[in-house]
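Student: Got a structure for you, questions after.
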Amino acid sequence: MAAAIHPAQIKTPSRVENGAAFSTKAREPNKDTDMLQVEKLHQYYGGSHILRGLSFEARVGEVTCLLGRNGVGKTTLLKCLMGLIPAKEGSVTWEDQAITQFKPHQRVHAGIAYVPQGREIFGRLSVEENLLMGLSRFPGSQAKEVPAFIYELFPVLDEMKLRRGGDLSGGQQQQLAIGRALASQPRLLILDEPTEGIQPSVIKEIGAVIKKLAARGDMAILLVEQFYDFAAELADQYLVMARGEIIQQGRGETMHDEGVRGLVAI
């Protein structure tokens, strides 16, 4: 049975003034505690051992890229990190706080946002209404208006804010999904294959947004990708996953020399 979580254990967000989040001043990260720490994580589906003792860290101020072929357990790992499926063994710690037993909404309140594979926007809601859903971690008085920085990062969403989400192109829906996640002002942003099925021009725009967020230095970004070139351009740290294990890791600038492309090529 999951341990009960006292409200005081959950870190709450700071107040939002007139939608002006993400000020130009980034908070100086604490290198000792500002990180996601995953220790010996195991998960099973039936008789299949999907995650096999995974351990890694993703630090605030860095983009950590997790690469691997289809079926190696990447999405299962992310669902464990978000509490969508429970970890059978192992631990997950975020900013020096044990969150292994947290439910998904408690992880959101702890400052974690997740953009799932396939986007999962609300097709019948407008773009603006989708973005407002991202403010659910805030009190009602602070969740009445889409933060201005979302439209600054994704101008197309401002242009189409009254259009239904389901009427957007695939690339626009991906931008909407990322914008919705960012509306919660996360300290950890988890992205599951944001380039999948997206036209090259939008991939470039999404990459530019990730670079802007990373440059602030006060957010950890965990990016799961199969598109090697996209990951190599953004990665501060890389992890390669195969058969439910991390088989290689290193710094982003060494990916080419360490033969990462060959490890993830289909």
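Student: Rounded to a whole number, what % of the accessible area of the range 77-132 do carbon and sulfur atoms account for, probe 1.4 Å? Intermediate results must be reported in sequence, preceding the final value.
Tutor: Values: 1180 of 2440 Å².
The value for the range 77-132 is 48 percent carbon and sulfur by accessible area.
Student: Sticking with this one: Take the cross-link list LYS40/LYS74; LYS79/LYS103; LYS103/LYS211 and give me the ones stretching past 18 Å between alpha-carbons. Walk me through the intermediate numbers first.
Tutor: Details: LYS40/LYS74 15 Å; LYS79/LYS103 11 Å; LYS103/LYS211 30 Å.
Too far apart for the 18 Å limit: LYS103/LYS211.
Student: Normalising by the residue count of the range 109-173, find the relative contact order in percent from Cα pairs under 8 Å and 6+ residues apart. Walk me through the intermediate numbers first.
Tutor: Working: 50 pairs, mean separation 29.3, N = 65.
Once normalised by length, the contact order is 45 percent.
Student: Mind checking the dipole of the chain: about its Cα centre, +1 per Lys or Arg Cβ, -1 per Asp or Glu Cβ, Debye to the nearest 20? Each step should come with its number before you reach the end.
Tutor: Numbers: 30 positive and 31 negative charges, 135 e Å.
Using only the charged Cβ atoms, the result is roughly 640 debye.
Student: From the square roots a ≥ b ≥ c of the eigenvalues of the alpha-carbon gyration tensor of the range 177-235, which class results: rounded (a/c under 1.5), prolate (a/b over b/c), or oblate?
Tutor: Values: a/c = 1.70, a/b = 1.43, b/c = 1.19.
Prolate shape, in that a/c is at least 1.5 and a/b is the bigger ratio.
Student: Please find the FRET efficiency linking GLU120 to LYS211, where r is the Cβ-Cβ separation and R0 is fixed at 25 Å, and quote it to the nearest 0.05. List each step's numbers first, then the result.
Tutor: Details: r = 24 Å, r/R0 = 0.98.
After rounding to 0.05, the efficiency reads 0.55.
Student: Also, I was wondering about something else. Given the C-alpha atoms of the chain, compute the convex hull and give its volume per residue in Å³. Show your work: numbers first, answer last.
Tutor: Numbers: hull volume 35.7 nm³, N = 266.
It is 134 Å³ per residue.
Student: Order 240-249, 59-68 from most to least packed using the mean count of other Cβ atoms within 10 Å.
Tutor: Details: 240-249: 17.7, 59-68: 23.1.
Put in order of decreasing packing, that is 59-68, 240-249.
Student: Want the number for ILE85 to ARG164: 0.36 nm per residue separation, take away the alpha-carbon distance, what's left? Write out the running numbers ahead of the final one.
Tutor: Working: separation 79, 0.36 × 79 = 28.44 nm, distance 3.03 nm.
In short, 25.4 nm is gained.
Student: Once you have the Cα-Cα distance between SER141 and ALA242, take 0.36 nm times their residue separation minus that, and quote the gain in nm to one decimal.
Tutor: On the way: separation 101, 0.36 × 101 = 36.36 nm, distance 4.58 nm.
Result for the pair: 31.8 nm of gain on full extension.
Student: Separate question: For the range 202-264, what class follows from the C-alpha gyration tensor (a ≥ b ≥ c being the square roots of its eigenvalues): rounded when a/c is under 1.5, otherwise prolate if a/b is larger than b/c, else oblate?
Tutor: Details: a/c = 1.87, a/b = 1.65, b/c = 1.14.
In terms of gyration-tensor shape, prolate.
Student: While we're here: Could you check how much of the accessible area of the range 212-266 is carbon and sulfur, as a whole percent, using a 1.4 Å probe?
Tutor: Values: 1260 of 2540 Å².
Carbon and sulfur: 50 percent of the exposed surface of the range 212-266.
Student: If each DSSP helix of 4+ residues adds -39,500 (n - 2.57) and the sum is divided by the residues in the chain, what number results at 222 nm, nearest 500 deg cm²/dmol? Each step should come with its number before you reach the end.
Tutor: Working: 9 runs with 75 residues, N = 266.
The per-residue figure over the chain is -7500 deg cm²/dmol.
Student: What accessible area per residue comes out for the chain, rounded to a whole number of Å², with a 1.4 Å probe?
Tutor: Working: 12730 Å² over 266 residues.
Accessible area per residue: 48 Å².
The values are calculated or read from the model by the stated rules, or taken from the named source; none is laboratory data. As the structure is a prediction and not an experimental result, all values here were calculated from the model. Virtual Cβ from ideal backbone geometry, glycine too; neighbours counted across all protein chains shown. Ligands, DNA and RNA are excluded from the accessible area calculation, which covers all protein heavy atoms including side chains. Shrake-Rupley method; radii C 1.70, N 1.55, O 1.52, S 1.80 Å.
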